[in-house]
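What follows is a set of notes on a single structure, which appears directly below.
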Amino acid sequence: YVSTTGSDAANGTSTGTAWLTPQKCATPPVAAGDTCILRDGTYSTTGPQVILISSSQSSASGTAANPITIKAENDHGAKLVQTTRSGGGAAVTIYVSRPYYVIEGFEIDGTGVTYDTSSTISHAGVGIYANNVTVRKNHIHHIARTQCSNSPFGNSGVFMNTGLSNILIERNKIH
């Protein structure tokens, strides 16, 4: 579990011992078959890029029989707020580059972001860089709404890298 009142020193195994940082959902001890639940509330990052990331070699991977699920406790009750990003690179709220993840039920909001229009930044609510990822029942909105990007990647609610397979995007509301 993750909660806006949690602690990253906790073990995350119950609502009473919830983690504070959503990033904990993509690192050990989370393993194949686990579900990480974000309790209702608003989550943002003080870092320049993402709220959830599963890209490092230390990040867990799911399996076909046991994916890792990261979901909101109540549909759209966990709000992930994209923060301002400047300089090159990507601003992606949920960045998945390990296989067999399910991302479900979040509100992903880019409303309050100030965009650096002089750089080649691309913005996405969810960025998929691995095979076998499911993105479902999310409300993704206002991603890069005030920016005309000169980025070669552009801006999108859900971005998928080229050459991926077994990607399922279903029942999302994107505007």
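The values are calculated or read from the model by the stated rules, or taken from the named source; none is laboratory data. Note that the structure is predicted; figures quoted are calculated from it, not measured. Reconstructed Cβ throughout: ideal geometry from the backbone, glycine too, with neighbour counts over all protein chains shown.
Structure data summary
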{"item": "Residue in the range 58-67 that is surrounded by the most Cβ atoms within 10 Å (Cβ to Cβ), counting only those that are at pLDDT below 95 and over 14 Å from TYR95 (Cα atoms)", "result": "GLY62"}
{"item": "Per-region count, the range 141-170, residues surrounded by 12 or more Cβ atoms within 10 Å (Cβ to Cβ) and either modelled with pLDDT of 95 or more or of a type in the set (D, E, K, R) (or both)", "result": "5"}
{"item": "Leading residue by the ranking (nearest to the chain's Cα centre (by Cα)) among those in the range 16-36 that are of a type outside the set (Phe, Trp, Tyr) and assigned to a strand (DSSP E or B)", "result": "CYS36"}
{"item": "Index of the failed condition, THR45 passing every other in (1) surrounded by 15 or more Cβ atoms within 10 Å (Cβ to Cβ); (2) at pLDDT 85 or above", "result": "(2)"}
